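Report on the following structure.
Just so it is clear, none of the values below were taken in a lab; they were calculated from the coordinates. None of the values given here were measured: they were computed from a predicted structure. Glycine gets a Cβ as well: all are built from the backbone with ideal geometry, and neighbour counts include every protein chain shown.
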Amino acid sequence: MDSSIKNHTIEIGIRNDLRQICVVTRYEILRHLRSKKMYAFAGIAVLLLVLITGLGMALDGGLSKDPQEFMSGYVSLISLFVIVGVSLFCASTLSSEFEERTALLIFPRPMKRVSLFIGKAMACYIVCGGVIILYYFVSMIISLLNTGSVYPAAFASLGLALLFMLGTGGFALLMSSLFNKGAIAVIITIAALLLIFNIIDGMSSMFNFEPVFSITYAGADISNVINGNVTNSVYMDALGGYITYFYPSHGLAIAIMVVWATVTTSLSALLFIRREF
């Protein structure tokens with residue numbers, strides 16, 4: 001009897017947690033869709049599609065009829081595009097709770113921190129991931145119309161882009177859980193992902209070490225999976241020395257992204273749950 005009551009209580013608790021997560025996720029998605037950040041991110045996606053297509057048409061030979069070459073142009077800047085997305089949506093989503101106390105004002109019933117965190121994170125990933133998927137979908141349609149087919153590796157590139165979003169998004173959530181001001185979290189996220197890690201990646205060739213700890217190094221595989229660059233290359237510089245350009249294997253890139261997503265998201269959840277509003 002006691003066991004059945006206990007199981008029933010646990011079941012009710014799980015249902016309540018899931019309901020809270022759904023409520024938070026739905027509210028956050030609607031909030032993101034109505035925000036200026038959404039218009040900015042969608043506008044960047046449209047601008048990239050227009051510029052890449054327009055520049056291709058402006059060339060002497062016009063748009064390439066080779067599906068691989070054609071698709072490589074559309075994914076050349078996708079890692080930068082993903083970083084902009086997670087910086088816009090993830091980097092300030094937790095900071096807003098410390099800055100504005102949104103949950104305390106909106107939800108009439110007590111809201112668990114875990115439910116609040118999961119709901120906010122899911123909303124960010126759904127909105128950001130949705131725009132990324134639409135970008136790939138439109139580029140694939142253009143490829144189909146122009147070349148008559150879609151390069152198969154484009155689907156692998158999409159999967160890597162979404163995984164890269166989880167890895168960089170986890171880092172953005174970590175910054176958001178550390179700082180009370182959303183603007184500070186956004187600036188640090190952009191500075192780290194666009195400047196610091198890329199500088200480290202560049203130094204790896206100079207000092208001949210593979211930056212297996214770098215999420216941006218793994219992100220290079222998003223375009224490499226289409227371009228076919230998976231083998232390290234060695235070149236002689238002007239002084240007679242040798243420079244090695246590293247390219248992550250597909251397995252290594254996936255492993256780095258998974259580790260980053262798991263570790264950074266877990267740390268951000270722990271920090272968010274333990275901090276006081």
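Sorted by mean Cβ packing within 10 Å, highest first, what order do the peptides 201-208, 76-83 take? Walk me through the numbers on the way to the answer.
Details: 201-208: 13.4, 76-83: 21.1.
In descending order of packing, they fall as 76-83, 201-208.
In what sequence, highest mean first, do 136-148, 180-192 appear when ranked by Cβ atoms within 10 angstrom? If you can, show how the numbers build up before the last one.
On the way: 136-148: 15.9, 180-192: 18.1.
So the peptides 136-148, 180-192, ranked by packing, come out 180-192, 136-148.
Taking K and R as +1 and D and E as -1, what net charge do the other residues with C-beta under 11 Å from the C-beta of Leu252 add up to?
Working: positive: none; negative: Glu210, Asp221.
Within the 11 Å Cβ shell, the charges total -2.
Please compute the length gained on full extension between Leu77 and Lys65, using 0.36 nm multiplied by the number of residues separating them and subtracting their Cα-Cα distance.
Working: separation 12, 0.36 × 12 = 4.32 nm, distance 2.04 nm.
In short, 2.3 nm is gained.
Work out, step by step, the length gained on full extension between Met57 and Phe213: first 0.36 nm times the residue separation, then minus their alpha carbon distance; give nm to one decimal.
Numbers: separation 156, 0.36 × 156 = 56.16 nm, distance 3.89 nm.
Difference between extended and current length: 52.3 nm.
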